[in-house]
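*Asks:* Shown below is the structure under consideration.
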Amino acid sequence: MSITVRIPTPLRTLTGGNDEVAAEGATVAELIEDLERRHPGLRDRLLDEKGVRRFINLFLGEEDIRFLDGLRTEVKSGDALSIVPAIAGG
Amino acid sequence: MSQGPVVVVGLGGLGAPIAMVLAKSSLPAIRLVDGDTVERSNLHRQVLFSEADVHASKAHVVARAMRDLGYAGKLEVVEAFFVPERALEFAQDASMLVEGVDNLPTKFLVADVAARLDVPVVHSAALRWEGTVLAKPARGACYRCLFEDIPHGADAPNCAGEGVAGPLVGLVGAWAADRVLALRDGALDDTELSRFDGWAASVRQTRVARRAGCSLCRDAGSAFPIDRSRYAAPSTYCVR
Ligand SMILES: [Zn+2]
């Protein structure tokens, strides 16, 4: 199923400037693999060998996936995945 | 809450509107901390500064503007940068911290100092068309619960050349100040993350829970060393 993924400003160079892209998968991990196929380089900006990078938070809807089932969290049609990195500026 | 000052760290595009909103509040004391001076290149995105302020201390210009707005509380000006060696001194007696600084190491430093002092803190950031405000009650989840540590290498955001949309900093700054007042009133039990999308004109709010193993929360801030080596700037971060 197709899920909307919200891309933060620093990563939009990898999505052709798009702030929202679509990805398919049944879990967050599968979504990220599909994102990588569509937008090469994106996976490495989100994950390292230990899992989600320390500097990044993934929210499914309003919930941080750390408090769901992590990368194994199941997604369903209509969900939106938000990538939230620490940003500085102003 | 104690009668100590709310300490505003950073008086740029976010700090200035934060101070302006707080000037209209009944806070008994506010301390402004910024070692920077107004540059001509700042003017286009900083609502408060005008041509006549170029080369003047940002902290003094903001303090004057707050008085002009009628702020009658105690107002302290610290014309210096919030650096690890002096951060605890500048935050002394604070009842709360609020920051809108433009670099990540200082955001982590503010988080660590707030934990050490066991006071609430509000973090705010704006980049291009997006902004975040994290409002943390004294015992809520901290900035390090969310972002762990200063990113280096591949983790460091590459935002060279990023700009901030002028109207967005005003909005995010005003919201950060509103959260200061909410925390003062004890209206937040948990840490709250607000995310602004200036392009879609949307705001999303989430409660943030503590992360098991957070180095700052584990020590309750008390044993967390505030040492320059912890705040080395990553090779790339948002500078302007
Ligand atoms: Zn924490």
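*Asks:* Put A:HIS39, B:HIS60, B:HIS55 in order of accessible area, largest first, 1.4 Å probe: what do you get? Walk me through the numbers before you get to the answer.
*Replies:* Values: A:HIS39 30, B:HIS60 95, B:HIS55 135 Å².
Order by accessible area, largest first: B:HIS55, B:HIS60, A:HIS39.
*Asks:* Kindly compute the accessible surface that chains A and B hide from a 1.4 Å probe when together, both sides summed, and give it to the nearest 100 Å².
*Replies:* Values: alone 5550 and 10950 Å², together 13650 Å².
Rounded to the nearest hundred, the buried surface is 2800 Å².
*Asks:* Using r as the Cβ-Cβ distance of A:ALA26 and B:SER25, and R0 as 45 Å, what FRET efficiency do you calculate, to the nearest 0.05? Let's see the in-between values first.
*Replies:* On the way: r = 49 Å, r/R0 = 1.09.
After rounding to 0.05, the efficiency reads 0.35.
*Asks:* Once you have the Kirkwood Rh of the protein assembly as shown from its Cα pairs, apply Stokes-Einstein at 10 °C and 1.306 mPa s and quote D in µm²/s. Before the final figure, lay out the partial values.
*Replies:* Details: Rh = 20.1 Å.
Estimated diffusion coefficient is 79 µm²/s.
*Asks:* First compute the accessible area of the protein assembly as shown with a 1.4 Å probe, then give the percent of it belonging to carbon and sulfur atoms.
*Replies:* Numbers: 6760 of 13650 Å².
Here it works out to 50 percent.
*Asks:* For a quick check of understanding: with a 1.4 angstrom probe and all protein chains in place, what accessible area in square angstrom does B:ARG204 have, to the nearest ten?
*Replies:* 50
*Asks:* Additional query: When 1/r is averaged over all different Cα pairs and the result inverted, which Kirkwood radius in Å belongs to chain A?
*Replies:* Working: mean 1/r = 0.0769 Å⁻¹.
For chain A, inverting the mean 1/r across all distinct Cα pairs yields 13.0 Å.
*Asks:* Counting partner chain Cβ atoms within 10 Å of every residue's Cβ in B:203-209, what's the average?
*Replies:* On the way: counts 0, 7, 1, 8, 4, 4, 4.
Per residue, the number of nearby Cβ atoms from other chains is 4 on average.
*Asks:* Something else: Evaluate the Kirkwood expression for the hydrodynamic radius of the range B:6-229, namely the inverse of the mean inverse distance over all pairs of different C-alpha atoms, and round to one decimal in Å. Numbers along the way, then the final one.
*Replies:* On the way: mean 1/r = 0.0571 Å⁻¹.
Mean inverse Cα-Cα distance, inverted, gives 17.5 Å.
*Asks:* Within the range B:80-107, whose backbone N sits under 13 Å from a point 7 Å along Cα→Cβ of B:ARG228?
*Replies:* Residues B:83-87 qualify, since their backbone N sits under 13 Å from the label point.
*Asks:* Using a Cα-Cα cut-off of under 20 Å, which lysines could be cross-linked to B:LYS107, ignoring same-chain neighbours fewer than 8 residues away?
*Replies:* Straight-line reach from B:LYS107, under 20 Å: B:LYS58, B:LYS136.
*Asks:* Can you compute the FRET efficiency between A:ARG37 and A:ARG12 using 1/(1 + (r/R0)^6), with r the Cβ-Cβ distance and R0 = 22 Å? Round to the nearest 0.05.
*Replies:* Values: r = 18 Å, r/R0 = 0.81.
With a Förster radius of 22 Å, E is 0.75.
*Asks:* Using the reciprocal of the averaged 1/r over all distinct C-alpha pairs, how large is the Kirkwood radius of the range B:50-135 in Å? Intermediate results must be reported in sequence, preceding the final value.
*Replies:* Numbers: mean 1/r = 0.0686 Å⁻¹.
Final number for the Kirkwood radius of the range B:50-135 is 14.6 Å.
*Asks:* I'd like the accessible area for A:ARG54, computed on protein heavy atoms only with a 1.4 Å probe and all protein chains in place. Round to 10 Å², please.
*Replies:* A:ARG54 has an accessible surface of roughly 100 Å² with all protein chains in place.
*Asks:* Still on this structure, please answer the following. Of the trypsin sites (Lys or Arg not before Pro) in the range B:89-149, which ones lie in a loop per DSSP and count no more than 16 other C-beta atoms within 10 Å? Provide the component values of the computation, followed by the final result.
*Replies:* Values: sites: B:LYS107, B:ARG116, B:ARG128, B:ARG139, B:ARG144; in loops: B:ARG139.
Of the trypsin sites (Lys or Arg not before Pro), the ones in loops of the range B:89-149 whose Cβ has at most 16 other Cβ atoms within 10 Å are B:ARG139.
*Asks:* Let me ask something else. Hey, what did the range A:2-85 get for relative contact order, percent, Cα under 8 Å, at least 6 apart?
*Replies:* Details: 133 pairs, mean separation 32.0, N = 84.
Relative contact order here is 38 percent.
*Asks:* While we're looking at this one, here's another question. Sort B:73-83, A:70-80, B:187-197, B:90-100 by the packing proxy (mean of other Cβ within 10 Å over each peptide's residues), most packed first. Display every interim value, and only then the final one.
*Replies:* Numbers: B:73-83: 16.4, A:70-80: 14.0, B:187-197: 18.2, B:90-100: 23.5.
Highest to lowest by the protection proxy: B:90-100, B:187-197, B:73-83, A:70-80.
*Asks:* How many Cβ atoms of partner chains, on average, are near each residue of B:120-128 if near means within 10 Å of its Cβ? Mind dumping the intermediate values first?
*Replies:* Working: counts 0, 0, 0, 2, 3, 5, 5, 8, 7.
Partner Cβ neighbours, averaged per residue: 3.
*Asks:* I'd like the mean, over residues of A:79-87, of how many other protein chain beta carbons sit within 10 Å of each residue's own Cβ. List each step's numbers first, then the result.
*Replies:* Numbers: counts 0, 1, 0, 4, 0, 8, 7, 17, 15.
Taking all residues of A:79-87 together, the mean is 6.
*Asks:* Another question, if that's okay. Which whole-number percent is the relative contact order of chain B (Cα, under 8 Å, 6+ apart)? Write out the running numbers ahead of the final one.
*Replies:* Details: 515 pairs, mean separation 55.1, N = 240.
Computed value for chain B: 23 percent relative contact order.
The values are calculated or read from the model by the stated rules, or taken from the named source; none is laboratory data. What you see is a predicted model, and the numbers here were worked out from it, not measured in a lab. FYI the Cβ positions are ideal-geometry reconstructions off the backbone, even for glycines, and counts take in every protein chain you see. We work out accessible area using only protein heavy atoms, side chains counted, and drop any ligands, DNA or RNA first. Shrake-Rupley method; radii C 1.70, N 1.55, O 1.52, S 1.80 Å.
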